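Heads up: the structure comes next, in structure tokens.
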Amino acid sequence: MSEIAAARRAAAEMARRLGFSETRAGRLAIVVTEAATNIVKHAREGEILMRPVDVNGQCGVEVLAIDTGPGMANLDLLMADGTSTAGTYGVGLGAIQRQSDSFDIYSAPGKGTVVMMMVWALDGAAPQTGWEVGGVCLPIAGEDECGDNWGVSYHQSGICVVVADGLGHGPEAAVASTAAVGASLDFDRGPPGARTTDAHAALRSTRGAALAVVDIDSYVGKLVFCGVGNIAGSIAGGSTRRHLLSHNGIVGSNLRKVQEFEQPWDSASVLILASDGINTRWELSAYPGLVFRHASVIAAILYRDFSRGRDDSTVVVVREHALP
């Protein structure tokens with residue numbers, strides 16, 4: 001069970017770096033250990049992904065347990081402690097949910113399972129923004145540093161979302177994508193088109209990047225998009241999928257055209273952005289009920305089933321979340 005121990009050690013190290021209390025670090029360790037154990041026992045192959053999350057100065061760790069195992073048909077039954085059948089998760093899901101501050105799961109027979117768990121560093125109410133944000137951002141095999149990057153920022157009536165893909169792979173691509181996100185994420189510096197132009201200037205000394213900049217204003221029901229290069233964007237909701245148009249070019253090198261496009265936005269809309277490491281031939285309708293799951297679960301499913309495996313892979317999903 002060396003994989004389980006490695007996941008637990010990684011969780012402990014992340015908790016230490018983020019200043020978790022001993023109790024909170026213990027909860028994170030339980031969550032990761034149970035999730036990894038379920039994958040090893042029942043799915044045989046899978047991944048545990050962890051990312052630090054900072055919301056309004058409060059930090060936590062999001063854990064995604066992703067597998068391509070047999071899946072489960074009756075989640076409500078299997079969430080009950082002590083319930084298990086051959087080839088399913090069963091025992092452990094209840095414990096994971098109790099130890100998590102946030103929890104969501106998607107599973108279906110033959111379609112594997114994704115479990116999302118969130119543990120915050122401090123006791124008390126979790127920070128609230130009114131938005132669900134999920135993201136998977138991983139380097140190509142053989143690289144330690146991802147050439148993609150992404151970020152979000154919040155403003156009074158909405159959210160800004162940025163995804164960047166530095167040319168190539170590795171550290172130099174990471175320098176470009178990090179600079180692109182840093183130059184284009186601040187809502188106060190103007191609309192997406194102006195911030196894309198700012199990023200172009202900031203990336204002159206780098207190898208350049210593809211860039212997608214999105215502002216969503218939930219108060220007026222509007223999304224504004226500006227894209228350059230190979231970041232695929234779409235808005236899913238109901239039975240429709242609206243694609244967002246990017247222009248050819250390289251931010252920082254060959255910026256041919258900067259143009260903003262507007263789309264309507266409502267509480268049922270789901271924004272999905274992906275770098276070209278993700279195949280775009282997906283349809284959420286192929287996964288019954290997935291559109292209603294947490295944004296991180298949606299991102300994990302798309303990464304699992306549509307990663308090309310020959311490039312850095314990034315999927316970012318954003319949707320509104322009603323405040324309690």
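Couple of notes before you dig in:
- With the convex hull drawn around the C-alpha atoms of region 169-298, the volume per residue stands at 113 Å³.
- Neighbour-limited loop hits for GluC sites (Glu not before Pro), region 21-72 (at most 11 other Cβ within 10 Å; DSSP other than H, G, I, E, B): 45
- Cα-based reach from residue 111 at 27 Å (exclusive), listing lysines while leaving out same-chain residues under 8 positions away: 41
- Three principal axis lengths of region 226-288 [C-alpha, angstrom, descending]: 42, 26, 12
- Length-normalised contact order for region 163-242 - Cα pairs under 8 Å, 6+ apart - percent: 29
- Peptides ranked, highest mean first, by Cβ atoms within 10 Å: ranges 108-115, 63-70, 281-288: 63-70, 108-115, 281-288
- Here the Gaussian network model covers the chain, with springs between Cα atoms less than 10 Å apart; of 164, 12, 295, 12 fluctuates the most.
- Legend: P(r) of region 132-226 from all alpha carbon pair distances, 10 Å bins from 0, whole percents, reading 18, 46, 27, 8, 0.
- Column: log10 I(q)/I(0), Debye, Cα scatterers of the chain, q = 0.10, 0.16 Å⁻¹: -0.57, -1.41
- Under the criterion of Cα pairs below 8 Å and six or more residues apart, the relative contact order for the chain equals 15 percent.
- Fraction of accessible area attributable to carbon and sulfur, the chain (%, probe 1.4 Å): 50
- Using a Förster distance of 45 Å, the FRET efficiency for residue 261-residue 73 (Cβ separation, nearest 0.05): 0.65
- Estimated translational diffusion coefficient (Stokes-Einstein, Kirkwood radius over Cα pairs, 25 °C, 0.890 mPa s) of region 260-311: 198 µm² per second.
- The length gained on full extension between residue 189 and residue 123, counted as 0.36 nm times the residue separation minus their Cα-Cα distance, comes to 20.3 nm.
- Helix-only CD estimate at 222 nm, as mean residue ellipticity for the chain, using -39500 (n - 2.57) per DSSP H run (n ≥ 4): -8000 deg cm²/dmol
- For region 174-270, the per residue solvent-accessible surface stands at 44 Å², with DNA, RNA and ligands left out and a 1.4 Å probe.
- Karplus-derived HN-Hα couplings along region 29-36 (A = 6.51, B = -1.76, C = 1.60, θ = phi - 60°), whole Hz, x at Gly and Pro: 4, 5, 4, 5, 5, 5, 5, 5
- Listed values for region 138-147 are Karplus-derived 3J(HN,Hα) couplings in whole Hz (6.51 cos²θ - 1.76 cosθ + 1.60, θ = phi - 60°), namely 10, x, 4, 4, x, 10, 8, 10, 7, x, and x replaces Gly and Pro.
- Electrostatic tally near residue 264: other residues with Cβ closer than 12 Å to its Cβ, Lys and Arg +1, Asp and Glu -1, net -1.
The values are calculated or read from the model by the stated rules, or taken from the named source; none is laboratory data. Bear in mind the structure is a predicted one, so any value in this text is a computation, not a measurement. We place every Cβ from the backbone using ideal geometry, glycine too, and count neighbours over all the protein chains shown. Heads up: the accessible areas ignore ligands, DNA and RNA and are worked out on the full protein's heavy atoms, side chains in. Shrake-Rupley method; radii C 1.70, N 1.55, O 1.52, S 1.80 Å.
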